[in-house]
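K.L.:
Take this structure, written in C-alpha cells, and hold onto it; I'll ask about it next.
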Amino acid sequence: MDRFQSTLEATSLQNIARIMGEAKVVFFHEDGIVQEAFFISTAPVRGFEKLVIGKNISFAIKAVMRICGVCHVAHANAISDAVENALALAPLINVRHMRELLGLVNRIQTHLLLLIMASGDMIVENRRNEIVLKLIRLYDKVSDCLLKLGGGVTHPPYLSVCGLSKPPKWSVLNHLRARFPRIKKEWEEIREELIDEDNFTEVADELRGKIIKTDLLASDLFFGDRYRISYRDVQTVPYWEYREQPRDLVNQANCMVALYKGKLVEVGPRARLLKFTPFTGTTLFGLYTARIAEIDLAFGRICELLDVIDTKGPFRKECMVYRHGKGVGIYEAPRGTLFHHIELDEEGRVEKLKIITPTMFNIPVIESSVKGLTVEAAEVAVRLFDPCIPCATHVERI
C-alpha cells in the first residue's frame, strides 16, 4: 500500500451521504481517476445474532425485522423461511402469497428511496426537485398499502412464522385491487421522467461507459429459492482480513464481506434481471435502470397476487410442533440475496443464528467497480449500489 501513499492522492468521503447507515469511502486517485477504493462501514455492531439466542421464534422474527428500518420485511421473510425449513414445514399457499406481496411492496418502497437519494446525482438540477416530490408522494401511497396489508409502514407486525397473526380482510384486498392500478399509472408517469435522456447529468453519462465485470448471484426474480443456490458455498470473512492493508484504514471497518464459491459476486436488482430476464444493463448505469425495471415488475406481480389470495382460506397453521432442527432461509431482498441460517433447540428456541446480507456481497464489488471512474462518478456509483450499513454491521464470525 506504500505505493498509493507515495504516488497517489487520497480522497476520503467521511460519512458518505445519501446511503442507509454510517460509512465512509476512501479513494486513491491519480489526476482525479480512481485507482483504488475502500468502503469502510463505521456503524457500531449491534449483535442481533446474539440477541435472539435462547429466545422463542416469535421474538426472533420481531427482533430481526428491527435490524433495519428499510429491510424489515426481507428479514422477516428470510427467518420465517429458515425456521420452517428447520421444522420441516411448508407454508400455506395464502401465507406464501402474502409474504411475497408484502415483500414486493417493501421492494417498491426501498427502490423509491434509492431513486430519491440518487436524484441529486442523476437528474439535472432544474428538474430534480419536481421529480423528487413526485417520488415522495408515491412513496407515501405505497407505504400506506403496507400499513393496510401488514399492520405497519415499517416492521409490519402481522408477519409471523407459519402464518399471519392477522389475516387480511376482503374489504382491504378489494380496496387495494382497485387502488393499485392507479398507483401504478402514477409510477409510469414518473418513470418516463426518470429515464428521459434530457434529464440526466454528465455523471450519469459517465456511468454508462463503465461495464461491471463480476459474477452474479440471485435465486429468484421475486421471492427466493434455496434449490438454485447453496448456503454451504457462501464464505464470510471480516473486512480487515479480506483487505488486510493499510491496517490503520481497514481496521476501522465493522462488517464482514461475503463470497460465493470463493468469488466476488454482485447481488441485487441488476443481478436478478440479468439472470432471469432479457435486461441488458451491464454498466454502472444499469444499477439505476434495474431498480426502475424492478418497480415495473413488482407492480405487475402485486396485481397478480391480489387476485389469487383467498380470504376464505387459512392464513396460519393451527398446530406447530417445536423441536431441534437446522434450517436455511433465502430471500431476494430489495438489495439482493439474503441468507438466514438458524439452529433451534428441543423447545424451538434459537441456539444459533447467522445472517448474511446483500451488502456483505456487494462491498467488494463496489470497491472493484469504481476503479477507472472520476472521483465524482465513483461516489455516485457507491450510492447506486444502495448499500445498507445497518444490515451489514450486526454480523460476526460464528
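K.L.:
Can you tell which of D233, D198, D215 is more than 22 Å from the chain's Cα centre (by Cα), modelled with pLDDT of 95 or more and over 23 Å from Q109 (Cβ atoms)? Lay out the reasoning, then the answer.
P.N.:
Details: D233 fails: more than 22 Å from the chain's Cα centre (by Cα); D215 fails: more than 22 Å from the chain's Cα centre (by Cα).
Sole residue among the options that is more than 22 Å from the chain's Cα centre (by Cα), modelled with pLDDT of 95 or more and over 23 Å from Q109 (Cβ atoms): D198.
K.L.:
Another question about this same structure. Any residue that is crowded, with 19+ Cβ neighbours inside 10 Å, under 30 Å from L135 (Cβ atoms), out of contact with any Pro (no Cβ under 6 Å at 6 or more places or on another chain) and of a type in the set (G, A, S) - is there at least one of those in segment 320-329?
P.N.:
No, the conditions are met nowhere in segment 320-329.
K.L.:
Now for a separate question. Would segment 304-314 turn up any residue that is under 25 Å from R228 (Cα atoms) and among the hydrophobic types (A, V, I, L, M, F, W, C)? Even if it seems obvious, please write down each step before you answer.
P.N.:
Going through segment 304-314, the residues under 25 Å from R228 (Cα atoms) turn out to be 304-305.
Filter once more, so that each one left must be among the hydrophobic types (A, V, I, L, M, F, W, C): 305.
Within segment 304-314, one or more residues are under 25 Å from R228 (Cα atoms) and among the hydrophobic types (A, V, I, L, M, F, W, C).
K.L.:
Continuing with the same structure: Looking only at residues in segment 88-101 that are hydrophobic (A, V, I, L, M, F, W, C) and surrounded by 21 or more Cβ atoms within 10 Å (Cβ to Cβ), which one is nearest to L146 (Cα to Cα)?
P.N.:
Step one: filter segment 88-101 for residues hydrophobic (A, V, I, L, M, F, W, C), giving 88-90, 92-93, 95, 98, 101.
Then keep just the ones that are surrounded by 21 or more Cβ atoms within 10 Å (Cβ to Cβ); that gives 95, 98, 101.
Working: V95: 15, M98: 11, L101: 9 Å.
Only one residue tops the list, namely L101.
K.L.:
Pick from segment 136-162 the residues that are hydroxyl-bearing (S, T, Y) and assigned to a loop (DSSP other than H, G, I, E, B): which of them is nearest to L112 (Cα to Cα)?
P.N.:
So the first thing to find is which residues in segment 136-162 are hydroxyl-bearing (S, T, Y), and the list is 139, 143, 154, 158, 160.
Then drop every residue that is not assigned to a loop (DSSP other than H, G, I, E, B), which leaves 154, 158.
Numbers: T154: 15, Y158: 23 Å.
Per the stated criteria, the residue is T154.
K.L.:
Kindly provide the set of residues from segment 51-78 that are in a helix (DSSP H, G or I), exposed (fewer than 15 other Cβ atoms within 10 Å of the Cβ) and not small (G, A, S), ordered by number. Show your work before the answer.
P.N.:
Initially, segment 51-78 is screened for residues in a helix (DSSP H, G or I), giving 51, 57-65, 72-78.
Those still in the list that are exposed (fewer than 15 other Cβ atoms within 10 Å of the Cβ) too: 58-59.
Passing the criteria: only F59.
K.L.:
Answer with yes or no whether E304 is under 19 Å from the mean Cα position of the chain (by Cα), under 26 Å from Y158 (Cα atoms) and not polar (S, T, N, Q). Even if it seems obvious, please write down each step before you answer.
P.N.:
Details: under 19 Å from the mean Cα position of the chain (by Cα): no; under 26 Å from Y158 (Cα atoms): yes; not polar (S, T, N, Q): yes.
No: the conditions fail for E304.
K.L.:
Can you tell me which residue in segment 13-23 is surrounded by the most Cβ atoms within 10 Å (Cβ to Cβ), limited to those that are more than 18 Å from the chain's Cα centre (by Cα) and in contact (Cβ under 8 Å) with a residue 40 or more places away in the chain?
P.N.:
Looking at the filtered set, the residue picked out is I16.
K.L.:
Does segment 332-339 contain any residue that is surrounded by fewer than 23 Cβ atoms within 10 Å (Cβ to Cβ) and either of a type outside the set (G, A, S) or without any contact (Cβ under 8 Å) to a residue 60 or more places away in the chain (or both)?
P.N.:
Applying the first criterion (surrounded by fewer than 23 Cβ atoms within 10 Å (Cβ to Cβ)) to segment 332-339 yields none.
Within segment 332-339, not a single residue is surrounded by fewer than 23 Cβ atoms within 10 Å (Cβ to Cβ) and either of a type outside the set (G, A, S) or without any contact (Cβ under 8 Å) to a residue 60 or more places away in the chain (or both).
K.L.:
Could you list, in sequence order, all residues of segment 305-319 that are surrounded by 14 or more Cβ atoms within 10 Å (Cβ to Cβ), out of contact with any strand residue (DSSP E or B) (no Cβ under 9 Å at 6 or more places or on another chain) and not polar (S, T, N, Q)?
P.N.:
L305, L306, I309
K.L.:
When you check I302 against the structure, is it within 30 Å of G47 (Cβ to Cβ) and among the aliphatic types (A, V, I, L, M), yes or no? First the steps, then the outcome.
P.N.:
Values: within 30 Å of G47 (Cβ to Cβ): no; among the aliphatic types (A, V, I, L, M): yes.
The answer is no for I302.
K.L.:
What's the number of the only condition in (1) in contact (Cβ under 8 Å) with a residue 60 or more places away in the chain; (2) over 30 Å from K166 (Cα atoms) that E30 fails to meet?
P.N.:
It is condition (1) that E30 fails.
K.L.:
Something else now. Can you tell me which residue within segment 307-337, out of those that are among the aliphatic types (A, V, I, L, M) and within 23 Å of the chain's Cα centre (by Cα), is nearest to L104 (Cα to Cα)?
P.N.:
A333
K.L.:
Would segment 24-42 turn up any residue that is touching a Leu at 6+ places or on another chain (Cβ under 7 Å) and assigned to a helix (DSSP H, G or I)?
P.N.:
no
K.L.:
So, of the residues in segment 204-262 that are of a type in the set (S, T, Y) and touching an Asp or Glu at 6+ places or on another chain (Cβ under 9 Å), which turns out to be farthest from F361 (Cα to Cα)? Walk me through it before giving the result.
P.N.:
Of all residues in segment 204-262, those of a type in the set (S, T, Y) come to 214, 219, 227, 230-231, 236, 239, 242, 260.
Of the ones still in play, those that are also touching an Asp or Glu at 6+ places or on another chain (Cβ under 9 Å) are 214, 219, 260.
Numbers: T214: 11, S219: 14, Y260: 8 Å.
By that ranking, first place goes to S219.
K.L.:
Can you work out which of the residues in segment 152-180 that are of a type in the set (S, T, Y), surrounded by 16 or more Cβ atoms within 10 Å (Cβ to Cβ) and in contact (Cβ under 8 Å) with a residue 12 or more places away in the chain is nearest to H72 (Cα to Cα)? Walk me through it before giving the result.
P.N.:
We begin by selecting, within segment 152-180, every residue of a type in the set (S, T, Y); these are 154, 158, 160, 165, 171.
After this cut, where a residue has to be surrounded by 16 or more Cβ atoms within 10 Å (Cβ to Cβ) as well, the list is 154, 158, 160.
Subsequent filtering for residues that are in contact (Cβ under 8 Å) with a residue 12 or more places away in the chain retains 154, 160.
Working: T154: 7, S160: 12 Å.
Only one residue fits best here, namely T154.
K.L.:
Quickly run through segment 351-388 and pick out the residues that are surrounded by fewer than 24 Cβ atoms within 10 Å (Cβ to Cβ) and touching a Gly at 6+ places or on another chain (Cβ under 7 Å).
P.N.:
T374, V375, listed by residue number.
K.L.:
A follow-up question, please. Of all residues in segment 81-120, which are touching a Ser or Thr at 6+ places or on another chain (Cβ under 8 Å) and modelled with pLDDT under 95?
P.N.:
Start the filter on segment 81-120 by keeping residues that are touching a Ser or Thr at 6+ places or on another chain (Cβ under 8 Å), which leaves 91, 99, 109.
Across segment 81-120, the qualifying residue is only P91.
The values are calculated or read from the model by the stated rules, or taken from the named source; none is laboratory data. Everything numeric in this text was worked out from a predicted model, so none of it was measured. A quick note on method: Cβ atoms are made from the backbone with ideal geometry, for glycine too, and the neighbour counts reach across all protein chains shown.
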